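This report refers to the structure that appears directly beneath it.
The values are calculated or read from the model by the stated rules, or taken from the named source; none is laboratory data. Keep in mind that this is a model prediction, so the values were computed, not measured. FYI the Cβ positions are ideal-geometry reconstructions off the backbone, even for glycines, and counts take in every protein chain you see.
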Amino acid sequence: MQPATVYSRDRCVTGIHGMDEILRGGIPYGSTVLASGTCGSGKTTLAMEFLVRGALAGEACAHFTATEPSVKLLENMRQYAFFEMSMIDDGLINVFDMDVLYSWLGLDKASFDLDDVHALIKAIVDIVNTIGVTRLVIDSVTTLCYKIKSEQLIRDFLFTLGKKLATLGCTTILISEITSATENAHWSSFGVEEAIADGIIVMGDVERMGHLLRFLQVVKMRGTAHSRAKHAIELTPLGVMLTPMLKWGAVTDKTSKWGS
Amino acid sequence: MFELDQRIAEQLTEVSLNSSVQVRCGNSNAFMVAASTMVPLMQMFEMTGVYICATRGAVEVIEAFEAIGVDVSQIQFVDLVSAGILGGTDVPYTNITFVDSPIMLESVLLRTLYILRISSSARNFVLLDSVNALAIYNEERMLAEYLHTFINTFRQRDVLSVILNVPDQVPPMVLSNLDLYCTDLVDRGQVVIH
């Protein structure tokens, strides 16, 4: 008997240790993935490694930074052996300061209206189109969305942006800052990002007897089967490393008793 | 005069790279047994590896080896003890990395895997010293689960794992699981009269 043919979507192989195993081969091409995490959970490092692995495979990559100036971002990245400054110099990874982009677009204001949002989407899409970007990171969508006051506008912004980038074959990671990654927490700041995204990766800390262990969990990824287990993360000079978290040690809530 | 137990070296000729060896020792002969295991691995079998120090700090272990004339500069030490002591991580050796606490078991595994990733040798071992020290901080079920993961992770990667324990002080569930997971046993444990 012949096995039934199963359709499987092409993947964007992240190249991150353990990640492609969790995703059974990688992120489906063109997906918009929300990487939500608490401060210090490794979101920026994960996202930057995603770009570096893409650049090493010959893909054009772009990083839009809204949380810290690009100079500071790159200075922090230099400590990692997987990152080379020549990738920036050679144009393999293109880093854009959102503040500079806002200035170009004349968006130096406290809040954005519908026209501003459309201008911003067009600018990002134009850059992606011009360079031929296939891997994109926006760090962070939370900071960016603070300027968009209406929930409906945030939804429209993310939905339209995701749709246009997918059409261009660009796989996108939107970084989202959250204050808690426990079971009852939201996976995004505004509550709408998680509904729009094709995938959600949650990053946070597990407290065990006063020590914080970083974890990563893929809670949603359209177009692929994937592990939904918590994985411990270590940020090494070679990049992110992952291993399944011990089942008897994965209590996240700080008020819960360890191991119980 | 410090004497190594040559029968351990003989026993180690029977193991392969994907073996997991449970090494039982007593309180009084722990270092002799550890050294009698390490020395043939390094000198006879020309292996490099990772020594996970949970019982005492890496500096103390290195100095103990140096005192018996054994060069361990090619071995990487993962120290789970010294970061818990103020000033403990200020050490004169470059082959030591520190993990904050023995309860960060996943970090120990990842740190060891990282060292093995950057190792140029194809013949590596990982020596865990000791289950007893980990049992002070980690709950029995979690420790049994960890050792299960630990052993299988290294077996899959053809890295010899050596697990040191003082059997009469190891929680019974952990010990019985070790008996199940490990492929080989080197028994230099204490005789216990119940």
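Of the residues contained in segment A:110-120, one or more are found to be crowded, with 16+ Cβ neighbours inside 10 Å and either among the polar types (S, T, N, Q) or within 20 Å of the chain's Cα centre (by Cα) (or both). Only one of the listed residues (A:SER227, A:SER256) is surrounded by fewer than 19 Cβ atoms within 10 Å (Cβ to Cβ) and modelled with pLDDT of 95 or more. That residue is A:SER227. Taking the condition of being over 15 Å from A:LEU101 (Cα atoms) and either of a type in the set (S, T, N, Q) or surrounded by fewer than 22 Cβ atoms within 10 Å (Cβ to Cβ) (or both), how many residues in segment A:122-139 meet it? Matching residues across segment A:122-139 total 5. B:ILE85: within 14 Å of chain A (Cβ to nearest Cβ), surrounded by fewer than 17 Cβ atoms within 10 Å (Cβ to Cβ), farther than 20 Å from B:LEU164 by Cβ and of a type in the set (A, V, I, L, M), yes or no? Judged against the criteria, B:ILE85 is not a match. Exactly one residue out of A:THR224, A:THR172, A:THR143, A:THR179 is in contact with a helix residue (DSSP H, G or I) (Cβ under 6 Å, 6 or more places away or on another chain) and among the β-branched types (Val, Ile, Thr), and it is A:THR172. Of the helices (runs of 4 or more DSSP H) that lie entirely inside segment B:99-176, those containing 3 or more residues that are within 14 Å of another protein chain (Cβ to nearest Cβ) and in contact with a Phe, Trp or Tyr (Cβ under 6 Å, 6 or more places away or on another chain) span B:140-156. Remark: B:ILE68 falls outside the filter, which requires a residue to be β-branched (Val, Ile, Thr), within 14 Å of the chain's Cα centre (by Cα) and under 22 Å from B:GLN43 (Cβ atoms).
Taking segment A:167-220 as the range and being over 28 Å from A:ALA55 (Cβ atoms) and part of a strand (DSSP E or B) as the test, the residues that pass are A:ASP205, A:VAL206, A:GLU207, A:ARG208, A:HIS211, A:LEU212, A:LEU213.
Residues of segment B:103-152 that are in contact with a strand residue (DSSP E or B) (Cβ under 8 Å, 6 or more places away or on another chain), closer than 21 Å to B:MET42 by Cα and among the aliphatic types (A, V, I, L, M): B:LEU113, B:ILE115, B:LEU116, B:VAL126, B:LEU127, B:LEU128, B:ILE151. Look at A:LYS230 and say whether it is within 14 Å of chain B (Cβ to nearest Cβ), in contact with a Pro (Cβ under 9 Å, 6 or more places away or on another chain) and more than 21 Å from A:LEU51 (Cβ to Cβ). Yes. If you go through segment A:184-210 and keep only what is hydrophobic (A, V, I, L, M, F, W, C) and within 12 Å of the chain's Cα centre (by Cα), you end up with A:ALA197, A:ILE200, A:ILE201, A:VAL202, A:MET203.
Residues being within 26 Å of A:ARG208 (Cβ to Cβ), surrounded by fewer than 20 Cβ atoms within 10 Å (Cβ to Cβ) and touching a residue at least 24 places away in the same chain (Cβ under 8 Å) are entirely absent from segment B:122-129.
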